[in-house]
Structures are given as structure tokens and as C-alpha cells.
Amino acid sequence: MLIFKKVADLQRWLGAERRAGKRAGFVPTMGALHHGHLSLVHAAKAECERVVASIFVNPTQFNDPKDLEKYPRMPGQDIALLTSAYCDALFMPPVEEVYPPGRNLTLHLDFGRLEQVMEGRFRPGHFSGMATVVHRLLDIVQPDRLYMGQKDFQQLCIVRDMLRQLQSPVGLVMCPTMREADGLAMSSRNLRLSPAMRGAAPAIYRALQAAKNEFVQGSTAAGVQAQALNYLHTAGLQPEYFDIVDGVTLEPVQGYADAAFIVACAAAWAGDVRLIDNEVLKP
Ligand code: AMP
């Protein structure tokens, strides 16, 4: 696998590949890779002749400086995992390559309610920071396709809206959430869970499954939500939200007939680690 730290070097290689007719698939990550990330690389490999992954812990999307500081970093292991997944190239830039001093690359797009609900309520500024870095990375890599996980469902909706607003030709591919055997969604943050919280965390997945069963059988969103929040508290977690929303607008729904595509999205603290997950209730 080729490793690039400089934009110019990556672009030189990509330019030659493109001239040779190779399509590029792109998998942006913040590192501390797990099988969820690798599933994105596999999906990209299946559709594109060249796959570029990036590892960049984006300072502009962390509203809490402590969270940025505590974010796990393990480049050696990440390189080994990406190599084992036959990733063609890794872009691992220092901050000044992504945000060169003196250039204001902040993306000013209005995502309306998409960035205000759920994560938007608890992580102010997170999505504009995320959209800025995804936009910047897409500008650098210029891939044919972009691979992102359903695990970060709201992020995906915002990136989709960004591509629409910018009339970007990049194809966005949503990849299913990879889970541990007990249902916990794989996440780099799981590494920071204490043993007790690692035991408690799969309650998020169980709450989502229970919500799906009840909602499909006719319970109201409000009833399902109250039960799920209660369950998460009982399991020793501190939920921030458990929302049942229209999967396109992210507006809350009341019942099964209210939208064509419905998703339950949850965020909860497991000790000092914030976890998110979601489940499609109506495909
Ligand atoms: P991150 O490094 O957490 O920013 O994630 C990078 C990409 O991997 C994002 O598109 C995530 O949605 C995706 N991802 C993270 N966890 C998983 C998972 N468990 N299954 C599938 N994709 C994931």
C-alpha cells in the first residue's frame, strides 16, 4: 500500500491512475480502524479499481477539546489492517496539508433541520466541521465514489445533502453497520470503554431491536421512545436521545404510516464515552 502525507504526492499518483482509466473509491476515516472501516474498503474494492483511505482526526469537528485529545490514535496497526484489506493508498496528512495556514476552507452550506436535530442538539458545530473536512478531502482526492457507514446515519444524510447542493458528481455509497458478536456497533471509541461499560453498551443495540419490534407491531413512537430511554437508564447508560425519525428529513414521526423510510437513532454515554447507533424500522 502506498502511503501519502502530502496532497501533491497523492494527486500526482491519482492523476496517473485516472489517466490509465482507473476509477477511485474513497474511504475517509479518523483512524483507530476496525472491521467496520475495513468493510467500507471491501465495498470500495468491489466497485473501483483503486481504493484510497484517509486517516485524519479532524480538529474542526470536535466541539469538546478533551474528546479530540482522547481520540485513539494507532497508525501502525491501522496501516497493517488497511494493507491486509488490499487498500491501494492511504492518505495520512498533517493538519497543515488539509488546512494550509492563510487559506479559509470553511464550507458555508445550510443543512437546515438536518444539522439541528439529534446530534446537532448535543454537538454544536460538529456537522459544519465534518462537512468542511469531507468537502476538502473530496476536493483533494476527487474520487468517483465515496464510501460511508450507516452507523453515522445523520452524517451520511448531511453528506448526501452537501453533494446535492454542490451538484457533485461523486456517488455516495452507504455501507451497513458492522457489529461485535453482542450487537455493539463497532466504533473506535469502544476501545475507551471500561470493562463494566463494555458490558453495558450492547443495551443500545437491544433497545433499537426492541423498538423495531414494537414499532412494527403498532406502538407509537412516543411509547417506544419512553421505553427505550428507560431501558438504557436501567442498563447503566446515560442516553441523550432516542429518536424515531423520517429517514430522509430526520423529522420525528409518530407512527409507522407517517413516512416511507423510518429510522431509530440513539446516542448514549457509557461512562465518559459517547456512543451512537441506529436501526432502520421501516426500510
Ligand atoms: P470514523 O473513523 O469513526 O470517522 O468513521 C469513518 C467511516 O467509517 C464513517 O463513514 C463511518 O460511518 C464508518 N464506520 C464507523 N463505524 C462503522 C461500523 N461499525 N460499520 C460500518 N461503518 C462504520
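When only alpha carbons are used to place a centre, segment 205-269 and segment 58-134 end up 27 Å from one another. Stokes-Einstein, applied to the Kirkwood radius of segment 1-150 over Cα pairs at a viscosity of 0.692 mPa s and 37 °C, places its translational diffusion at 203 µm² s⁻¹. Over the chain, the pair-distance histogram of Cα-Cα distances with 10 Å bins from zero comes to 6, 27, 35, 22, 7, 1 percent, rounded to whole numbers.
When only alpha carbons of segment 130-184 are considered, Rg and Dmax amount to 12.6, 40 Å.
Take the Kirkwood radius over Cα pairs of segment 1-51, plug it into Stokes-Einstein at 25 °C and 0.890 mPa s, and you get 205 µm²/s for translational diffusion.
Keeping the other protein chains in place, figure out the carbon and sulfur percent of the accessible area of the chain, with a 1.4 Å probe.
On the way: 6900 of 12770 Å².
About 54 percent, which is the carbon plus sulfur part of the accessible surface.
Taking every alpha-carbon pair under 8 Å whose residues sit at least 6 apart, the chain reaches a relative contact order of 17 percent. Between Asn104 and Gln142, the contour length at 0.36 nm per residue exceeds the alpha carbon distance by 11.7 nm. Rounded to the nearest 500, the 222 nm mean residue ellipticity of the chain from helices alone is -12000 deg cm²/dmol, with -39,500 (n - 2.57) taken per DSSP H run of at least 4 residues. Per residue, the average separation of C-alpha pairs within less than 8 Å and at least 6 apart gives segment 188-278 a relative contact order of 32 percent.
Here the peptides 127-140, 74-87, 193-206 are ranked by packing, the mean other Cβ count within 10 Å, and the order with the highest first is 127-140, 193-206, 74-87. Across the alpha-carbon set of segment 77-142, the Rg to Rh ratio works out to 1.08, Rh being the Kirkwood radius. Normalising the average separation of contacting C-alpha pairs (under 8 angstrom, six or more residues apart) by the number of residues puts the relative contact order of segment 1-122 at 34 percent. Using alpha carbons only, the radius of gyration of segment 154-263 set against its Kirkwood radius gives Rg/Rh = 1.02. A crude spin-label estimate for the pair Arg121 and Arg73, with each label 7 Å from Cα along the Cβ direction, gives 3.4 nm. Accessible surface area normalised per residue over the chain is 45 Å², counting heavy atoms of protein chains with a 1.4 Å rolling probe. Karplus-based coupling profile of segment 22-34, in residue order and whole Hz: 8, 7, 10, x, 10, 10, x, 9, 10, x, 6, 6, 9, with θ = phi - 60° in 6.51 cos²θ - 1.76 cosθ + 1.60 and x standing for Gly or Pro. What the Cβ-Cβ distance of Val280 and Gln165 gives, at R0 = 22 Å and to the nearest 0.05, is a FRET efficiency of 0.35.
Once fully extended, how much extra length lies between Ala210 and Leu191, figured as 0.36 nm per residue of separation less the alpha-carbon to alpha-carbon distance?
Working: separation 19, 0.36 × 19 = 6.84 nm, distance 2.60 nm.
My answer for the length gained is 4.2 nm.
The values are calculated or read from the model by the stated rules, or taken from the named source; none is laboratory data. Remember, it's a predicted structure, so these values are computed and weren't measured experimentally. Glycine gets a Cβ as well: all are built from the backbone with ideal geometry, and neighbour counts include every protein chain shown. These area figures cover heavy atoms from the full protein model, side chains too; ligands, DNA and RNA do not enter into them. Shrake-Rupley method; radii C 1.70, N 1.55, O 1.52, S 1.80 Å.
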